[in-house]
């Protein structure tokens, strides 16, 4: 499913909405979620799951082409944990 598909689903549920307006709503939701994660905030959507940032420490890696050791810097990565209700719905 793409953002466009989400906007079209929103159109089906809200009769007076235009496609462009639905796309703005979907983009706004994702922009808000991205901004919150960038600030280090946790996002919890009941019945769906939660998003948070995890810190991955620096480590020593290996260049697969040359085999030389390389320092991989620490980084922050987004992490999604599925909620119980979503697990149950998918498992049916």
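Condition first: touching a strand residue (DSSP E or B) at 6+ places or on another chain (Cβ under 7 Å) and in contact (Cβ under 8 Å) with a residue 12 or more places away in the chain. Can you find one or more residues in the stretch 83-92 that meet it? Yes, the stretch 83-92 contains at least one residue that is touching a strand residue (DSSP E or B) at 6+ places or on another chain (Cβ under 7 Å) and in contact (Cβ under 8 Å) with a residue 12 or more places away in the chain. Which residues, counting only those in the stretch 2-38, are more than 27 Å from residue 90 (Cβ to Cβ) and either touching a strand residue (DSSP E or B) at 6+ places or on another chain (Cβ under 9 Å) or in the same structural domain as residue 88 (by TED's automatic domain parsing) (or both)? 38 - this is the single residue of the stretch 2-38 that is more than 27 Å from residue 90 (Cβ to Cβ) and either touching a strand residue (DSSP E or B) at 6+ places or on another chain (Cβ under 9 Å) or in the same structural domain as residue 88 (by TED's automatic domain parsing) (or both). Summed over the stretch 37-47, the residues that are in a helix (DSSP H, G or I) and within 11 Å of the chain's Cα centre (by Cα) give a count of 1. For the structure I just gave you, tell me whether residue 7 is modelled with pLDDT under 95 and out of contact with any helix residue (DSSP H, G or I) (no Cβ under 9 Å at 6 or more places or on another chain). Judged against the criteria, residue 7 is not a match. Restricting attention to the stretch 1-30, the residues that are surrounded by 11 or more Cβ atoms within 10 Å (Cβ to Cβ) and not in a loop (DSSP other than H, G, I, E, B) add up to 18. Scanning the stretch 48-64 for residues that are touching a residue at least 24 places away in the same chain (Cβ under 8 Å), surrounded by 11 or more Cβ atoms within 10 Å (Cβ to Cβ) and more than 11 Å from the chain's Cα centre (by Cα) yields a single hit, 48.
The values are calculated or read from the model by the stated rules, or taken from the named source; none is laboratory data. All values derive from a computational prediction rather than experimental measurement. Because the Cβ atoms are built from the backbone with ideal geometry, glycine has one as well, and the counts that use them run over all protein chains shown.
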